[in-house]
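See structure below.
Every number in this text was worked out from the coordinates using simple rules, so none of it is lab data. Worth saying up front: this structure is predicted, and the values here are computed from it rather than measured. Using ideal geometry, Cβ is built from the backbone for each residue, glycine included, and neighbour counts are taken over all protein chains shown.
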Amino acid sequence: ERARAIKSTDEIAAISLSFQACADAIATLRQEAGPGMTESEALGILLKEAITRGGEYPETRLMTSGPRTNPWFQETADRVMEQGDLLSFDTDLIGRWGVYTDISRSWVVGDKRPNAEQQRLYNLARSQLDHNIGLLRPGLSFREMSEKSWPVPEEFLPNRYADIAHGVGLGVEYPLIWYKEDEAYGMYDGVFEENMVVCVESYIGAVGGREGVKLEQPVLITATGPKLICDCPFED
């Protein structure tokens, strides 16, 4: 695990190209997914576009809509998406050259603007993601990352994601950064180093709430701090 944590120049190039191919597949999904389409049909668009760009296969089926976005980790089904639903997904794709391309995005289905609650959830998820990405630098310890991470509001804490961030390469890799609330389950220590690639996670959904927002962003740790691996836009 530790031997794989620091990426070579060639690995970084391959990872970047693979993630960009995934981001391009997401762009097509953004254009084509709409009301009246099932979650399974939307997932089919993503998989077709990823595979045509050299990808291999998905490890999960985490694309859900409306009330099936909360809690997270419900699998894609044949629910018909409605105008104004949230669509949330995690790619979890084995992409080009066997690279694990792990990106999450959420947006509103159709041409309706987000309602106030959807906007609130999204803004909180972006705040969590941006804050935690901003912490990343060589020399930062895993425990520091956990302690300084964005404080999840009590309303959303029970439904928090499984981790704050994780390494990525040919799969989910070392390190795995726990929430401080989960320290009892076996937190280990170490430090972030230059040329590590990590995916930073966010899920915001209240217990009993109708919907939830899932975001995840791959980041390269450089000598001067974090650098986004691919161009996959967020919502305004």
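Structure notes:
- Lysines with Cα under 25 Å of LYS148, excluding same-chain neighbours fewer than 8 positions away: LYS180, LYS214, LYS227
- For the chain, built as a Gaussian network whose Cα springs stay under 10 Å, the top-fluctuating residue of PRO153, PRO58, PRO226: PRO153
- Placing a label point 7 Å from the Cα of THR9 along the Cα-to-Cβ direction, the residues of the range 201-236 whose backbone N falls under 16 Å from that point are 223.
- Available extension along the chain between PHE73 and HIS131 is 18.5 nm, counting 0.36 nm per residue and deducting the alpha carbon span.
- Charge tally around LEU93: other residues with Cβ under 9 Å, Lys/Arg +1 each, Asp/Glu -1 each, net -4.
- Summed residue charge, Cβ within 15 Å of LEU136's Cβ, Lys/Arg positive, Asp/Glu negative: -3
- Geometric extent, Cα atoms of the range 63-174 - Rg, Dmax (angstrom): 15.9, 47
- Selection of chymotrypsin sites (Phe, Trp or Tyr not before Pro), the range 161-193, meeting DSSP coil and at most 12 other Cβ within 10 Å: TYR188
- Local electrostatic count, ASP10, Cβ distance below 15 Å [Lys/Arg +1, Asp/Glu -1]: +2
- Inter-part distance where the range 29-99 and the range 138-205 are each reduced to a Cα centre, Å: 24
- Charge dipole magnitude, Cβ of K and R +1, D and E -1 - the chain, Cα centre, debye nearest 20: 260
- Förster-model FRET efficiency, 25 Å R0, ARG2 and ALA184, C-beta, rounded to 0.05: 0.55
- Taking the empirical scaling 2.2 N^0.38 Å for compact globular proteins as reference, the range 1-79 has a Cα radius of gyration ratio of 1.32.
- Over all directions, the projected convex hull of the C-alpha atoms in the chain averages 11.8 nm² in area.
- Estimated from helical segments only, the mean residue ellipticity of the chain at 222 nm is -9500 deg cm²/dmol, where each DSSP H run of four or more residues counts as -39500 (n - 2.57).
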